[in-house]
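Notes for the one structure printed next.
The values are calculated or read from the model by the stated rules, or taken from the named source; none is laboratory data. Predicted model only: the values in this text are computed from it and were never measured. Neighbour counts run over all protein chains shown; Cβ positions are idealised from the backbone, glycine included.
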Amino acid sequence: MLGVYVHLPFCPYLCPYCDFAKWPLRESAARRYLEALYAEIARERCARAGTIYLGGGTPNAYDAETIAKLLARLKRRFSGAGEISIEVNPELVRDSDFTRYRAAGVTRVSIGVQSFEPSEIRTLGRKHTVPQIGNVVAQARAAKLQSLSLDLIFAVPGQTPASWRRTLAAAVALEPDHISAYGLTVEEGTPYAAWRAREPQAFFDDEREAELYALAIEQLQSAGYEQYEISNFARPGHRCAHNVNYWENGEYAGLGVGAASFRDGVRSVHTRSLERYVSASLAGGPIPCEAERLEGRKRAGEAIMLALRTAQGVSLPVFKERYGIDVMTDYAPIVARFAETGLLERIGDSVRLTRRGRFLANDVCGAFITFE
Ligand code: SF4
């Protein structure tokens, strides 16, 4: 299955923890970017796609009519997508947006809620209010979109186990089909990194963050959400097919500035320079990018890393058949090390992360990727 990702990088304001490819919204730049995106789409060869995902940035910084036009162009190049997702910021949702999205083919909306605590929303630099979240969810339901997801963040400075519990309960009370819960990461070069350098005690250490992560797993599972990936929880039938394709090491085409693709065994990432992207695309391409062919041990390591993120983990027979590797033998020292420390376990024909391992997934995955 091919997944198509389209990056819409403009935001009405910039959040101090954000490390994505994003720029403050300016109308002329947003219009020019769209022209560049259309030019890139027009150069794509026609293909069947399983999913289309509009991510950002803030995709709904563009109006619904523009989103519909963009989707029409995408569907002319990439036919057959059964799941079409869009990320939205709650405070920008206008009355008829979701109805228009649905008419344009959108099946799934992911709402950037982050927290239901006003002080945490402010700390994250977000501009929406708690009542707005409820209104937006009601609008999405009224438009009868197939799947509704809420994004939450934990380990926010000032958060407590009690306030995180309240956020989880408020999210569950709105009955979304899907919830993503991400631990805050402080990326170098962001205002949050400067804040942490000045005031490290304001930020969570691993132990306190692990406590919040465990709370999320318990509270969401007991509300009927299956944890199908480290940070993602879904009601039956509502997993995000677009992201599942990434974790199954499927092919994806990334369009737009900073977007990543994996096709024909080659992983490539477009330039993160907005100006270089726009001028190259408007001049007829190619888009400057870094590309790397993933082969042999490298390809297998990547596939293991992705599979470990999922609840089912690494299927040993599938890896034998698809990559010609015996994970238990070829990666024996790593499997043994993390099994001993209680981060990995073997269940039947699969190797997967334990609950503690899910919190420390980056350490485990990193070891598989760098193993020679
Ligand atoms: S809205 Fe999203 S992409 Fe934009 S600055 Fe905030 S976190 Fe980053």
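When you check Asn243 against the structure, is it of a type outside the set (Lys, Arg), under 26 Å from Tyr213 (Cα atoms) and surrounded by fewer than 20 Cβ atoms within 10 Å (Cβ to Cβ), yes or no?
Considered against the rule, which asks whether it is of a type outside the set (Lys, Arg), under 26 Å from Tyr213 (Cα atoms) and surrounded by fewer than 20 Cβ atoms within 10 Å (Cβ to Cβ), Asn243 comes out as no.
I'd like to know if the stretch 82-105 contains one or more residues that are among the β-branched types (Val, Ile, Thr) and either more than 25 Å from His242 (Cβ to Cβ) or modelled with pLDDT under 95 (or both).
Looking through the stretch 82-105, none of the residues is among the β-branched types (Val, Ile, Thr) and either more than 25 Å from His242 (Cβ to Cβ) or modelled with pLDDT under 95 (or both).
Hand me the list of helices (runs of 4 or more DSSP H) wholly inside the stretch 99-192 holding 2 or more residues that are over 20 Å from the mean Cα position of the chain (by Cα) and within 15 Å of the ligand (Cβ to nearest atom).
118-123, 130-142
Being closer than 14 Å to Asn249 by Cβ and of a type outside the set (Val, Ile, Thr) is the filter; apply it to the stretch 316-344 and report the residue that is farthest from the chain's Cα centre (by Cα).
Glu321
For the stretch 6-29, indicate whether the set of residues that are aliphatic (A, V, I, L, M), in the same structural domain as Pro176 (by TED's automatic domain parsing) and without any contact (Cβ under 8 Å) to a residue 40 or more places away in the chain is non-empty.
yes
Is it fair to say Ala291 is out of contact with any Pro (no Cβ under 6 Å at 6 or more places or on another chain), closer than 28 Å to Arg358 by Cα and among the hydrophobic types (A, V, I, L, M, F, W, C)?
Judged against the criteria, Ala291 is not a match.
Is one or more of the residues making up the stretch 153-170 under 23 Å from Asn362 (Cβ atoms), buried (at least 20 other Cβ atoms within 10 Å of the Cβ), out of contact with any helix residue (DSSP H, G or I) (no Cβ under 7 Å at 6 or more places or on another chain) and modelled with pLDDT of 95 or more?
Yes: one or more hits.
Is it true that some residue in the stretch 253-266 is of a type in the set (S, T, N, Q), in contact with an Asp or Glu (Cβ under 9 Å, 6 or more places away or on another chain) and in a strand (DSSP E or B)?
yes
If you take the residues of the stretch 199-226 that are more than 25 Å from Ala173 (Cβ to Cβ) and of a type in the set (Gly, Ala, Ser), which of them is modelled with the highest pLDDT?
Here the answer is Ala202.
If you take the residues of the stretch 66-88 that are in contact with a Gly (Cβ under 6 Å, 6 or more places away or on another chain) and surrounded by fewer than 24 Cβ atoms within 10 Å (Cβ to Cβ), which of them is farthest from Arg272 (Cα to Cα)?
The extreme case among them is Leu71.
For the stretch 30-46, how many residues meet the condition of being within 16 Å of the ligand (Cβ to nearest atom) and surrounded by fewer than 22 Cβ atoms within 10 Å (Cβ to Cβ)?
The qualifying residues number 1.
Condition first: out of contact with any Pro (no Cβ under 9 Å at 6 or more places or on another chain) and within 16 Å of the ligand (Cβ to nearest atom). Now tell me which residues in the stretch 82-98 satisfy that.
Answer for the stretch 82-98, where residues must be out of contact with any Pro (no Cβ under 9 Å at 6 or more places or on another chain) and within 16 Å of the ligand (Cβ to nearest atom): Ser85, Pro90, Val93.
Kindly establish whether Ala49 is more than 16 Å from the ligand (Cβ to nearest atom) and either closer than 30 Å to Thr190 by Cβ or modelled with pLDDT of 95 or more (or both).
Yes.
Can you name the residue in the stretch 250-294 that is surrounded by fewer than 19 Cβ atoms within 10 Å (Cβ to Cβ) and polar (S, T, N, Q) and is also farthest from the chain's Cα centre (by Cα) among such residues?
Ser279
Considering Ala42, Ala29, which residue is outside any loop (DSSP other than H, G, I, E, B) and out of contact with any Phe, Trp or Tyr (no Cβ under 9 Å at 6 or more places or on another chain)?
Ala42
Here's a check for you: in the stretch 7-29, which residue that is surrounded by fewer than 17 Cβ atoms within 10 Å (Cβ to Cβ) and of a type in the set (A, V, I, L, M, F, W, C) is farthest from the ligand (Cβ to nearest atom)?
Ala29
Which residues, counting only those in the stretch 322-372, are surrounded by fewer than 15 Cβ atoms within 10 Å (Cβ to Cβ), among the small types (Gly, Ala, Ser) and part of a helix (DSSP H, G or I)?
Ala332, Ala336, Gly366
Regarding the stretch 54-65, can at least one residue be identified that is surrounded by fewer than 17 Cβ atoms within 10 Å (Cβ to Cβ) and either away from the ligand (no atom under 13 Å from the Cβ) or within 20 Å of the chain's Cα centre (by Cα) (or both)?
Checking the stretch 54-65: at least one residue is surrounded by fewer than 17 Cβ atoms within 10 Å (Cβ to Cβ) and either away from the ligand (no atom under 13 Å from the Cβ) or within 20 Å of the chain's Cα centre (by Cα) (or both).
So which of Leu168, Leu148, Leu124 ends up being in contact with an Asp or Glu (Cβ under 7 Å, 6 or more places away or on another chain) and not small (Gly, Ala, Ser)?
Step by step, each of Leu168, Leu148, Leu124 is checked, and only Leu148 is in contact with an Asp or Glu (Cβ under 7 Å, 6 or more places away or on another chain) and not small (Gly, Ala, Ser).
Which of the numbered conditions does His178 fail, given that it passes all the others? Conditions: (1) over 27 Å from Ile84 (Cα atoms); (2) touching a residue at least 60 places away in the same chain (Cβ under 8 Å); (3) buried (at least 19 other Cβ atoms within 10 Å of the Cβ).
(1)
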